[in-house]
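The values are calculated or read from the model by the stated rules, or taken from the named source; none is laboratory data. None of the values given here were measured: they were computed from a predicted structure. When we count neighbours, we look across all protein chains shown, and the Cβ atoms used for this are built from the backbone with ideal geometry, even at glycine. Note: areas computed on protein heavy atoms with side chains; ligands, DNA, RNA excluded. Shrake-Rupley method; radii C 1.70, N 1.55, O 1.52, S 1.80 Å.
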Amino acid sequence: VGAIAAGAPIPALSTEDAESSQEFDTVEVSPDLQRQHGQLFALRVNGTSMIDALIDDGDVVIIKPVTNVNNGEMVVAWLKEENEATLKKFYLEQSRVRLQPANNTMDPIFCSADNVEVKGKVVSVVRNLY
């Protein structure tokens, strides 16, 4: 489990930084989820931009690594120029991408399509009730 922004995008750690400065937790998922989606990874949500999609600060999203998604799917989007990642709904609009929060108090992020790299899509959410 790493971290993903659900609000303003967060700077990404390099692999070396992540290995040296942060311990990662593991999340147990159902065998059915693994059979259905194959390799998965998990990210802890930091922020409330996806609250109307029932994903809150501190929840863990289970991600299937993919690079191609359909409009409206919830994705981990890498903003190349900014060196940041965010969790949003993805919409390709001609030559730009709209990364849409699921929180009506927040504005979407608009950027050039060649500045966005999809790292995966959400397939499940683990809610912590504490």
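Between residue 93 and residue 57, the modelled labels are 2.8 nm apart [label points 7 Å from Cα along Cα→Cβ].
Over the range 30-130, accessible surface divided per residue gives 56 Å², non-protein components excluded, 1.4 Å probe.
Computed extension gain for residue 107 through residue 68, at 0.36 nm per residue and net of the alpha carbon distance, reaches 11.7 nm. What fraction, in whole percent, of alpha-carbon pairs in the range 68-108 exceed 17 Å separation? So the portion of pairs separated by more than 17 Å is 28 percent. Sorting 82, 93 by accessible area puts them as 82, 93; the probe is 1.4 Å, largest comes first, and only protein heavy atoms count. The share of accessible area on the range 22-121 that comes from carbon and sulfur is 43 percent, using a 1.4 angstrom probe. The alpha-carbon atoms of the range 60-130, seen along their principal axes, cover 41, 29, 23 angstrom, with the largest extent given first.
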